[in-house]
Amino acid sequence: MAFNDLLLQVGGVGRFQRVQVALVALPMLLMASHNTLQNFTAAIPAHHCRPPADTNLSGDTELEAWLPRDGQGRPVSCLRFTSPQRGPPFPNGTGTNGTGTTEPCTNGWIYDNSTFPSTIVAEWDLVCSHRALRQLAQSMYMVGVLLGTVIFGYLADRLGRRRVLILNYHQTAVSGTCAAFAPSFPVYCAFRLLSGMSLAGISLSCMTLNVEWMPIHTRACVGTLIGYFYSLGQFLLAGVAYAVPHWRHLQTLVSVPFFAFFIYSWFFIESARWYSTSGRLDLTLKALKRVARINGKQEEGARLSIEVLQASLNKELTMDKGQASAVELLRCPVLRRLFLCLSMLWFATSFAYYGLVMDLQGFGVSIYLIQVIFGVVDLPAKFVGFLVINSMGRRPAQMASLLLAGICILINGVIPQDQSIVRTSLAVLGKGCLAASFNCIYLYTGELYPTMIRQTGLGMGSIVSPVSMTSELYPSVPLFIYGAVPVAASAVTALLPETLGQPLPDTVQDLENRKGQRRHKQQEEQQKPMFPLPASAQEKDGL
């Protein structure tokens with residue numbers, strides 16, 4: 001566990017750490033844009049059936065003659081009359097009635113472009129019988145996230161965090177831009193899948209690379225900072241989507257900046273901790289000396305040598321390199337316990353989170369406004385979460401954030417539908433708690449897994465996140481399920497160890513040693529007398 005001392009020797013939190021952390025975290029501004037982009041690019045505009053092609057639409061009266069009305073007097077979206085119904089009263093309802101029968105929209109639809117001038121829904125007619133295809137685009141994106149967590153999590157442990165991050169930036173830039181020029185819906189879905197893969201790799205490598213370069217006492221600050229970049233990205237998305245309502249232009253604007261991220265990522269310095277656990281002592285020394293020079297600690301860097309590193313990092317150099325595989329997560333009892341518990345926490349957080357943020361139109365208010373509100377609530381929520389993480393620990397922060405989020409969602413489920421202000425307020429509060437939970441679980445997962453398998457563990461844990469997106473295909477799923485899952489999962493945190501103030505583990509043996517130390521400490525506490533004797537009595541006893 002001597003690596004933290006080496007980091008402090010070469011500057012601790014110096015110029016290098018501040019610059020690299022900022023540059024690695026900067027792309028997180030656009031992570032929110034891609035994750036919830038479909039709220040805007042696939043928004044559903046008001047629509048109704050198009051009359052037959054030979055109809056003379058000389059005025060609104062002629063158009064309305066083809067449109068049945070619902071109970072509130074609005075045109076029905078997915079049905080039209082088989083023949084025009086002229087003369088009052090217009091039929092109330094969509095079925096067969098005294099003045100005419102209805103049929104599906106065989107000639108397409110007419111869309112209201114006043115709020116959403118251009119979306120994939122209007123361009124490819126993803127409404128009515130084709131409505132499920134709208135969710136397919138986001139589902140393909142989340143399938144990409146699933147694949148990316150597995151593939152790039154494994155590659156980052158094998159090839160290094162920096163190489164995978166460079167690849168991910170390039171893939172996001174290319175696939176995101178190509179999606180903006182997709183000529184058909186299947187092509188668009190394919191590029192969204194590739195974007196999901198690369199963005200999953202970015203989110204994992206971003207946290208891992210930054211945490212591995214930071215001393216113990218600053219890791220919570222780094223995790224919170226990355227979370228704030230993501231939250232600010234929600235404001236950015238709302239502003240950009242409002243200013244650029246055309247879906248192709250919006251898709252381009254949130255993708256092109258990744259070309260810049262790809263260019264400057266070549267200047268990142270690979271994790272020296274990863275080098276050491278990979279047995280590359282020469283590259284570890286080179287990276288540490290370079291960091292010392294950037295931080296203005298040339299003298300301290302000059303004292304480093306192969307011999308010094310061999311003495312300090314003997315454990316990393318002698319450990320079994322064959323352990324760094326995803327199979328180890330299930331084979332090793334200690335890792336298996338972590339994997340199962342963390343997977344439950346990842347699932348609960350993402351299940352409830354995406355259930356809230358991926359249906360902004362369901363709140364009945366402007367989606368631009370609700371997007372901003374969702375971003376605003378993150379700021380105090382993550383700050384409170386940071387205070388709890390840094391003072392009380394990761395475990396109570398994770399437990400409290402999930403428990404409060406679940407309670408808010410459960411209460412929301414019994415509030416009448418007409419009380420939209422109360423329902424929206426509870427949803428916003430629950431979303432803030434889930435944002436704090438995400439902030440904590442990224443940091444907590446990275447601190448629990450050893451360096452040799454940290455990225456793989458983080459990826460395998462977050463693999464269950466896309467599963468929650470299947471709930472979008474079943475809108476009848478009640479809110480109490482979204483609330484019950486986080487409440488139940490909050491109890492799982494009691495099975496995990498606390499990592500506040502602890503060095504990052506590098507091997508499975510480190511985890512075993514920690515477990516043994518905790519067991520020994522518990523035994524000592526149990527053996528202490530309930531009512532200790534005063535010092536004078538102890539002296540007499542000794543005599």
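Of all the residues in region 114-172, those that are surrounded by 20 or more Cβ atoms within 10 Å (Cβ to Cβ), among the aromatic types (Phe, Trp, Tyr) and assigned to a helix (DSSP H, G or I) number 3. Within region 249-259, not a single residue is within 26 Å of LEU504 (Cα to Cα) and surrounded by 24 or more Cβ atoms within 10 Å (Cβ to Cβ). Checking SER198, SER175 one by one, the residue that is crowded, with 24+ Cβ neighbours inside 10 Å, farther than 20 Å from LEU504 by Cα, polar (S, T, N, Q) and under 20 Å from the mean Cα position of the chain (by Cα) is SER198 and no other. Is it the case, given these coordinates, that LEU496 is buried (at least 17 other Cβ atoms within 10 Å of the Cβ), at pLDDT 75 or above and under 30 Å from SER278 (Cβ atoms)? So LEU496 fits the description; yes. In the set (1) open to solvent by 50 Å² or more (accessible area, probe 1.4 Å); (2) modelled with pLDDT under 90; (3) not in a loop (DSSP other than H, G, I, E, B), the condition left unmet by PRO186 is number (2). For region 414-427, taking the residues that are aliphatic (A, V, I, L, M) and surrounded by 19 or more Cβ atoms within 10 Å (Cβ to Cβ), the one that is nearest to the chain's Cα centre (by Cα) is identified as ALA427.
The values are calculated or read from the model by the stated rules, or taken from the named source; none is laboratory data. Just so you know, these numbers come straight off a predicted model, no measurement behind them. Note that we place each Cβ from the backbone using ideal geometry, even for glycine, and neighbour counts take in every protein chain shown. Ligands, DNA and RNA are excluded from the accessible area calculation, which covers all protein heavy atoms including side chains. Shrake-Rupley method; radii C 1.70, N 1.55, O 1.52, S 1.80 Å.
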